[in-house]
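We did not get these values from a lab; they are worked out from the coordinates using the rules stated. Quick caveat: nothing in here was measured; it's all calculated off a predicted structure. Note that each Cβ is placed from the backbone with ideal geometry, even for glycine, and that neighbours are counted across all protein chains shown.
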Amino acid sequence: MGVDYYKVLQVDHNATDDDLKKSYRKLAMKWHMDKNPNNKKDAETKFKQISEAYEVLSDPQKKAVSDRYGEEGLKGSVPPPDSGGATYFSTGDGPTSFRFNPRNADDLFAEFFGFSSPFGGGGERGTTKKMRISREIADVSGKTMPVEEILTIDVKPGWKKGTRITFPEKGNEQPGVTPADLVFIIDEKPHTVFTREGNDLIVTQKISLVEALTGYTVDLTTLDGRRLTIPITNVIHPKYEEVVPKEGMP
């Protein structure tokens, strides 16, 4: 039978465009991989299914073929020629058939929301962000018109707050004028455990007097998900610092 796109997107067959958008927004946010770091494999599978379902049901041609012939017809079986305005191709030697290859789920998410991830995942290892922008471009006659573009930003591991990423001449166009550059500036979301000072990561903990006198073990989860155990056997005073080499930012 193939995939039931309505079931995947949790909508009925009479769903409006607004219904589809509302459901996609809810489910895509729920199953985004950065929101499910402990279950990334299953989350990625569901995320891709949700993306494909939204892509099909929000497109009248794809929806019409899917409703009549199911997933199999959508992805390569041969519908008859009266199938209602869907797009077909032919090699010239045989019957026509519908061609559908799902879009990249991350690209669809970025286009829909205007950013690639709202959860800030991957920053300690670097990440790729997709940003949707609107700008004015000029045609050969000098008339300007609005367009939307998706820009890709490759965030490198260890980039600091204030790092600037420049896209040359991606500002608004005007006749006879070179467009300005478009500049993105990196900001850092506060972390619940770590504070950054340069490339050092600082952790502050409160302990009891007994622990300060008899020894204390710090248990941390690093930014890349490792468990780090730091035994301290020295007497700990209020401004005591323990330095762990090579555990800061790249």
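Numbers at a glance
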item: Proximal lysines relative to Lys63, as straight alpha-carbon distance under 23 Å, when same-chain residues fewer than 8 apart are discounted; result: Lys7, Lys21, Lys22, Lys26, Lys46, Lys48, Lys75
item: Computed helical MRE - 222 nm, the chain, DSSP H runs ≥ 4 contributing -39500 (n - 2.57), nearest 500; result: -8500 deg cm²/dmol
item: Ascending count of other beta-carbon atoms within 10 Å, so fewest first, for Tyr216, Tyr24; result: Tyr216, Tyr24
item: Shape category assigned to segment 181-250 from the gyration tensor of Cα positions, a/c cut at 1.5; result: prolate
item: All lysines inside 18 Å of Lys239 as judged from Cα atoms, apart from same-chain residues fewer than 8 positions distant; result: Lys206
item: ³J(HN,Hα) computed for each position of segment 10-15 - Karplus, 6.51 cos²θ - 1.76 cosθ + 1.60, integer Hz, glycine/proline x; result: 6, 10, 8, 5, 9, 4
item: Karplus-derived HN-Hα couplings along segment 43-57 (A = 6.51, B = -1.76, C = 1.60, θ = phi - 60°), whole Hz, x at Gly and Pro; result: 4, 5, 4, 5, 4, 5, 4, 5, 4, 5, 4, 5, 4, 6, 6
item: Per-pair calculated FRET efficiency, R0 = 22 Å: Ile202 and Thr233 via Cβ, rounded to 0.05; result: 0.55
item: Spatial extent of the chain: Rg and Dmax, with the Cα atoms as the point set, Å; result: 25.9, 85
item: Cβ-placed point charges (K, R +1; D, E -1), dipole of segment 190-250 about Cα centre in debye, nearest 20; result: 80
